[in-house]
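S.K.: Structure in structure tokens, see below.
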Amino acid sequence: MARALSPRSTAIPTLSSKSVHALIAGAGAALVAWATAPWGSGIDNDAVDFASAADGLLAGEGFLQSDGEPFSFWPPLPPLTLAAGKICGVSYPATAQVFGVVSMFLVAYLTADLVWRWTRSLGASSACALALAASTALHESMVTARSEPLFVALCVAGVRYGFLYLETRRRAALVGATVATALACLQRYLGVTLLVALGAVLLALPREEPWLARARRGITFGVLASLPLVAWGLRNLDRVGRWTGPRAPGGPALSWVLSKSERVVHSWFFGSESVALPGAAALLFFVAIPAALCLRGQRDASRRGPTLFVLWAFPLAYLAISSALNHRFKTDGIAHRQLVPLVPFAWILLCVAVEHLRQWPSRVAWRRAIACLAVSIFALHLTLAGSELRRRVLAWRDSGAGVYNMRARVESDFSTWVSEHPLEGAVYSNDLHAVYWLCKRRTRALPTRRGAFLGLAHPRDGGPPPRHIVWFKHNSRAVLPIELLREHFALELIARMPGGEVYALEPL
């Protein structure tokens with residue numbers, strides 16, 4: 001009969017397993033540090049608004065976006081971490097770089113630890129750590145100053161602490177799960193998925209405890225973990241009239257969202273979205289087989305140990321809630337950065353399923369054959385993933401991993417001019433985030449439609465008319481309609497370079 005794989009309440013990682021996990025996780029973290037060494041963590045629109053909110057907070061103005069509006073589209077933890085780094089004398093890209101490196105280490109290490117605690121197989125846990133250390137999707141997030149690096153780490157930490165609590169019944173683990181969940185909610189609004197997942201786990205488990213005790217613990221966890229986010233939501237409600245800031249309704253069809261999500265998940269294993277399994281085969285490969293194998297292992301598990309529901313709860317909650325929100329509201333598209341919190345859990349479930357499959361046959365020869373096949377397939381995956389990651393890392397080192405601190409932007413004469421010449425009065429631009437990043441000047445957005453430029457003389461929102469226009473050619477969604485502007489303004493060309501133009505305006 002096959003040996004049962006079951007978690008034990010006394011399962012503590014040995015020094016050797018911890019060392020191996022730390023070594024692999026450290027290699028992944030070192031790769032993030034090396035990739036971002038020349039230019040720092042990648043800066044995009046989100047990161048610029050985080051920096052603007054941090055600047056506003058340090059200046060006593062409160063949380064403000066780069067256009068001067070209240071910062072509400074994101075929770076407050078990203079700018080708070082940047083502000084903390086600034087107080088310590090560390091620049092924003094360097095602070096983000098530190099968080100990216102640390103987050104990469106924590107994700108790989110804690111994920112491997114979860115696999116080991118369930119399977120107690122150093123091979124399965126090390127394979128999981130290696131897969132994450134070589135994951136292009138994970139590295140794409142970790143080399144940026146976005147909200148994803150710390151968010152993914154907090155989600156993995158929250159699930160691990162929940163697992164530890166059910167494994168040991170120690171109150172410290174429950175406190176850790178509560179703190180990690182509260183911080184995840186303050187890092188991204190989708191942290192509520194971790195709140196829902198762990199709340200459901202605590203209500204359902206452990207089964208031997210009375211329902212009233214589980215309900216009391218689950219409700220206490222939910223209240224404490226959600227209090228900081230509720231306080232932030234009340235602040236947003238007062239400032240902008242919405243709990244999570246203004247968002248445009250009308251996203252794509254739910255079927256499209258799920259189909260796109262499926263293709264993204266394919267790319268984690270096959271290296272490209274274009275290499276995809278048919279829908280039925282994908283459902284069988286990614287859901288049915290792992291679920292059946294894990295449930296078989298669960299049936300054999302000790303009743304004293306946590307159940308696999310702990311590992312399934314978060315990815316199911318995240319996929320369901322995020323898909324519904326992507327359908328409800330307009331977004332920039334379903335991509336790796338939206339689904340990257342699922343990467344560690346996809347590998348957890350796959351490694352656990354393969355380990356259960358390896359232990360299924362009663363004959364040793366069959367077990368060895370399955371192990372050899374799994375190792376061969378995994379080696380092929382690592383080869384392909386490593387090749388793609390190498391290409392990306394070299395590109396990040398050469399050109400940068402962001403938008404506003406890319407080599408082309410940093411070495412641009414126009415960017416240098418904008419950063420060195422302060423402009424008076426209201427400044428409008430077709431890339432307000434670039435202006436703020438270059439000269440810390442809050443800027444209003446120019447219209448995207450040609451006819452709307454006529455309204456600049458008397459903005460509908462009551463704002464001041466422009467005194468200067470900074471026009472970046474890299475972000476020219478339309479040609480600057482100089483002839484239309486001359487109907488209401490006297491224009492003076494201040495600077496013209498390959499990267500853009502700057503105009504001074506005086507109302508007629």
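S.K.: In region 442-453, which residues are open to solvent by less than 70 Å² (accessible area, probe 1.4 Å) and of a type outside the set (Gly, Ala, Ser)? Outline the logic, then answer.
M.R.: From region 442-453, those open to solvent by less than 70 Å² (accessible area, probe 1.4 Å) are 442-447, 451-453; that's our starting set.
Correct list: 442, 443, 444, 446, 447, 453.
S.K.: Quick test for you: out of 85, 89, 40, 56, pick the one residue that is free of Cβ contacts under 8 Å to residues at least 40 places away in the same chain and on the phi > 0 side of the Ramachandran plot.
M.R.: Numbers: 85 fails: on the phi > 0 side of the Ramachandran plot; 40 fails: free of Cβ contacts under 8 Å to residues at least 40 places away in the same chain; 56 fails: on the phi > 0 side of the Ramachandran plot.
None of the other options fit; the residue is 89.
S.K.: Take the residues in region 142-161 that are within 13 Å of residue 113 (Cβ to Cβ) and of a type outside the set (A, V, I, L, M, F, W, C); name whichever of them is most open to solvent (accessible area, probe 1.4 Å).
M.R.: 161
S.K.: Taking only pairs six or more apart or across chains, which ones have beta-carbon atoms under 7 Å, a first residue in region 171-186 that is under 21 Å from residue 235 (Cβ atoms) and open to solvent by 10 Å² or more (accessible area, probe 1.4 Å), and a second residue that is outside any helix (DSSP H, G or I) and at pLDDT 95 or above?
M.R.: 186/75; 186/76
Matching residues to (1) at negative phi; (2) surrounded by 13 or more Cβ atoms within 10 Å (Cβ to Cβ); (3) touching a Lys or Arg at 6+ places or on another chain (Cβ under 8 Å):
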position: 202; (1), (2), (3): yes, yes, yes
position: 205; (1), (2), (3): yes, yes, yes
position: 211; (1), (2), (3): yes, no, no
position: 230; (1), (2), (3): yes, no, no
position: 242; (1), (2), (3): yes, yes, no
position: 262; (1), (2), (3): yes, yes, no
position: 268; (1), (2), (3): yes, yes, no
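S.K.: Is it the case that region 410-421 has a residue that's surrounded by fewer than 16 Cβ atoms within 10 Å (Cβ to Cβ), over 19 Å from the mean Cα position of the chain (by Cα), on the phi > 0 side of the Ramachandran plot and of a type outside the set (A, V, I, L, M, F, W, C)?
M.R.: The answer is no, given that none of the residues of region 410-421 is surrounded by fewer than 16 Cβ atoms within 10 Å (Cβ to Cβ), over 19 Å from the mean Cα position of the chain (by Cα), on the phi > 0 side of the Ramachandran plot and of a type outside the set (A, V, I, L, M, F, W, C).
S.K.: Continuing with this model, one more query. If you take the residues in region 194-210 that are without any contact (Cβ under 8 Å) to a residue 60 or more places away in the chain and in a helix (DSSP H, G or I), which one is farthest from the chain's Cα centre (by Cα)?
M.R.: Within region 194-210, the match that is farthest from the chain's Cα centre (by Cα) is 203.
S.K.: Here's another thing I want to ask about it. Among the residues of region 39-76, which ones are outside any loop (DSSP other than H, G, I, E, B) and among the β-branched types (Val, Ile, Thr)? Break it down into steps so the answer makes sense when it comes.
M.R.: From region 39-76, those outside any loop (DSSP other than H, G, I, E, B) are 42, 45-58, 64, 70; that's our starting set.
Answer for region 39-76, where residues must be outside any loop (DSSP other than H, G, I, E, B) and among the β-branched types (Val, Ile, Thr): just 48.
S.K.: Identify, please: which residue in region 211-262 is in a helix (DSSP H, G or I), within 23 Å of residue 196 (Cα to Cα) and of a type in the set (Ser, Thr, Tyr) and is, among those, nearest to the chain's Cα centre (by Cα)?
M.R.: Among those that are in a helix (DSSP H, G or I), within 23 Å of residue 196 (Cα to Cα) and of a type in the set (Ser, Thr, Tyr), it is 261.
S.K.: Counting only residues that are free of Cβ contacts under 8 Å to residues at least 40 places away in the same chain, of a type in the set (A, V, I, L, M, F, W, C) and more than 18 Å from residue 424 (Cβ to Cβ), which one in region 481-503 is surrounded by the most Cβ atoms within 10 Å (Cβ to Cβ)?
M.R.: Checked region 481-503; the qualifying residue surrounded by the most Cβ atoms within 10 Å (Cβ to Cβ) is 485.
S.K.: Still on this structure: Examine region 314-325 for a residue that is open to solvent by 20 Å² or more (accessible area, probe 1.4 Å), in contact with a strand residue (DSSP E or B) (Cβ under 8 Å, 6 or more places away or on another chain) and at pLDDT 75 or above, and state whether such a residue exists.
M.R.: No, that holds for no residue.
S.K.: Under the condition of being open to solvent by less than 30 Å² (accessible area, probe 1.4 Å) and among the aliphatic types (A, V, I, L, M), which residue from region 67-91 is nearest to residue 188 (Cα to Cα)?
M.R.: Only one residue tops the list, namely 77.
S.K.: For region 349-369, how many residues meet the condition of being over 24 Å from residue 113 (Cβ atoms) and assigned to a helix (DSSP H, G or I)? If you could, list the steps in order and put the result at the bottom.
M.R.: Our first condition is that a residue be over 24 Å from residue 113 (Cβ atoms); within region 349-369, this holds for 360-369.
So of that shortlist, the ones also assigned to a helix (DSSP H, G or I) come out as 364-369.
Within region 349-369, residues that are over 24 Å from residue 113 (Cβ atoms) and assigned to a helix (DSSP H, G or I) number 6.
The values are calculated or read from the model by the stated rules, or taken from the named source; none is laboratory data. Source: prediction; values computed, not measured. For neighbour counting, all protein chains shown are included, and Cβ atoms are generated from backbone atoms with ideal geometry for every residue, glycine included. Accessible surface is based on the protein model in full, side chains and every heavy atom, while ligands, DNA and RNA are left aside. Shrake-Rupley method; radii C 1.70, N 1.55, O 1.52, S 1.80 Å.
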